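K.L.:
Starting off with a structure, shown below.
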Amino acid sequence: MLLFDDLHLTFEDMTYVQKAASHALDGALSGSDVAAVISISGKVNSGLTRDRSKLQTAIMSLRPPVSSVKDDCPKIDYYQADLIENKHDPGALSDVVSQIMNFCSPGTPEDMAERLADSDAMRVLSLGKQDILVTYITLRQIVLRMATLPGQRTLLLVSDGFLPLRKKRGSRSRK
């Protein structure tokens, strides 16, 4: 299984990933081997197959996420939102406040820019957590399905990476 984290890969990285995956696929399948190309978003799923052209087509159809907001300003990613909201990093907050005051909405008073920055960071963090939950759930489903397949199984996750979700203080893990 080639599992692509298309929720977190950038447009630039996707080009390299597709090229590397296509090259790796050439030497990976032999004999009665089957493979599948799947994306975390669910937009790509070749199904188990020996057909290299079907697998190549699935690899080339992978696309990074498209921002739902055309001119997102300020630009905050999940990592920066985590720094602001969870780690209370003054430098990360200052960067967003500066974006708001200098580019997004020139003339905005600093205290209002800080509130806007905090609000945007909370929004980005919430959306990022949802993406990460989708990633974990998809990984779990694929591993459970693979466990029932005969023979040797390999799962290759291709991802830019994502921050782990933290348990809230006082919460208990379920066993």
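K.L.:
Having 2 or more residues that are open to solvent by 90 Å² or more (accessible area, probe 1.4 Å) and hydrophobic (A, V, I, L, M, F, W, C) is the bar; report the helices (runs of 4 or more DSSP H) wholly within segment 57-165 that clear it.
P.N.:
110-147
K.L.:
Is there a residue in segment 3-10 that is without any contact (Cβ under 8 Å) to a residue 24 or more places away in the chain and either out of contact with any Lys or Arg (no Cβ under 6 Å at 6 or more places or on another chain) or within 26 Å of residue 128 (Cβ to Cβ) (or both)?
P.N.:
No, there is no match, as no residue in segment 3-10 is without any contact (Cβ under 8 Å) to a residue 24 or more places away in the chain and either out of contact with any Lys or Arg (no Cβ under 6 Å at 6 or more places or on another chain) or within 26 Å of residue 128 (Cβ to Cβ) (or both).
K.L.:
Here is a list of conditions, (1) at pLDDT 95 or above; (2) of a type in the set (Gly, Ala, Ser); (3) in contact with a helix residue (DSSP H, G or I) (Cβ under 9 Å, 6 or more places away or on another chain), and residue 107 meets all of them except one; can you say which number that is?
P.N.:
(1)
K.L.:
Quick check, is residue 120 in contact with a Pro (Cβ under 7 Å, 6 or more places away or on another chain) and either more than 21 Å from residue 80 (Cα to Cα) or of a type outside the set (Gly, Ala, Ser) (or both)?
P.N.:
Against the criterion (in contact with a Pro (Cβ under 7 Å, 6 or more places away or on another chain) and either more than 21 Å from residue 80 (Cα to Cα) or of a type outside the set (Gly, Ala, Ser) (or both)), residue 120 qualifies.
K.L.:
Next question, about the same structure. Output the residues belonging to segment 41-54 that are outside any strand (DSSP E or B) and either out of contact with any helix residue (DSSP H, G or I) (no Cβ under 6 Å at 6 or more places or on another chain) or at pLDDT below 95 (or both).
P.N.:
Residues satisfying the conditions are 41, 42, 43, 47, 48, 50, 51, 52, 53, 54.
K.L.:
If residue 13 satisfies every condition in (1) in a helix (DSSP H, G or I); (2) among the acidic types (Asp, Glu); (3) crowded, with 20+ Cβ neighbours inside 10 Å but one, which is the exception?
P.N.:
It is condition (3) that residue 13 fails.
The values are calculated or read from the model by the stated rules, or taken from the named source; none is laboratory data. Being a predicted model, the structure only gives us computed values, none of them experimental. Quick reminder, even Gly has a Cβ in these numbers, built from the backbone with ideal geometry, and neighbours come from all protein chains shown. Remember, those area values only see protein heavy atoms, side chains included, never the ligands or the DNA or RNA. Shrake-Rupley method; radii C 1.70, N 1.55, O 1.52, S 1.80 Å.
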